[in-house]
1. Right, E30: open to solvent by less than 50 Å² (accessible area, probe 1.4 Å) and of a type in the set (D, E, K, R) or not?
2. Quick check: is even one residue across segment 91-99 open to solvent by 50 Å² or more (accessible area, probe 1.4 Å), in a loop (DSSP other than H, G, I, E, B) and on the phi > 0 side of the Ramachandran plot?
3. Of the residues A73, A54, A58, A86, which is open to solvent by 20 Å² or more (accessible area, probe 1.4 Å), closer than 30 Å to E130 by Cβ, at pLDDT 90 or above and assigned to a helix (DSSP H, G or I)?
Amino acid sequence: SVRENLYLPFRLAVSEERYDEVRFDQWMEELGRSPDLLDQSVEKLSGGEQQIVALIRALALSPQALLLDEPSASLDAESTKCFEPAVARWHAADDDGRADRSLIWTSHDATQVKRMTDRIVRMQDGVLTEEGHDG
């Protein structure tokens with residue numbers, strides 16, 4: 001099930017975080033999904049649902065940095081409207097005592113990159129260029 005899949009990283013000895021069932025329910029609702037999705041088989045998830053579950057799993061481990069490669073590519077417009085603010089809240093939060101969380105967001109959607117980042121680096125023909133941008 002999705003729930004068992006989300007629990008997996010907490011079985012690792014290196015994980016300092018605790019499995020929080022209530023928080024998973026909250027994230028599901030924040031991301032526009034019913035907590036009932038947690039009881040579904042992972043094999044039956046759509047591509048968008050897989051991306052949402054992957055984000056929840058990453059956030060649950062309370063990382064200091066996230067590398068998101070086309071993270072909303074399989075999401076419809078309505079799901080993206082939930083997904084982006086959830087990532088922005090994680091980025092801005094300091095609920096675990098960590099300051100300066102980092103986020104790298106790759107996308108072909110220039111407007112999304114401008115919404116979600118405060119600094120843009122573009123790669124074209126193998127050359128990196130930085131564009132001035134303040135979110």
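The values are calculated or read from the model by the stated rules, or taken from the named source; none is laboratory data. Just so it is clear, the structure is predicted and the values come from calculations on it, not from any experiment. Backbone-built Cβ (ideal geometry, glycine too); neighbour counts: all protein chains shown. For accessibility, only protein heavy atoms count, side chains too; no ligands or nucleic acids. Shrake-Rupley method; radii C 1.70, N 1.55, O 1.52, S 1.80 Å.
1. Taking the combined requirement at face value, the residue does not satisfy it.
2. Checking segment 91-99: at least one residue is open to solvent by 50 Å² or more (accessible area, probe 1.4 Å), in a loop (DSSP other than H, G, I, E, B) and on the phi > 0 side of the Ramachandran plot.
3. The conditions single out A54.
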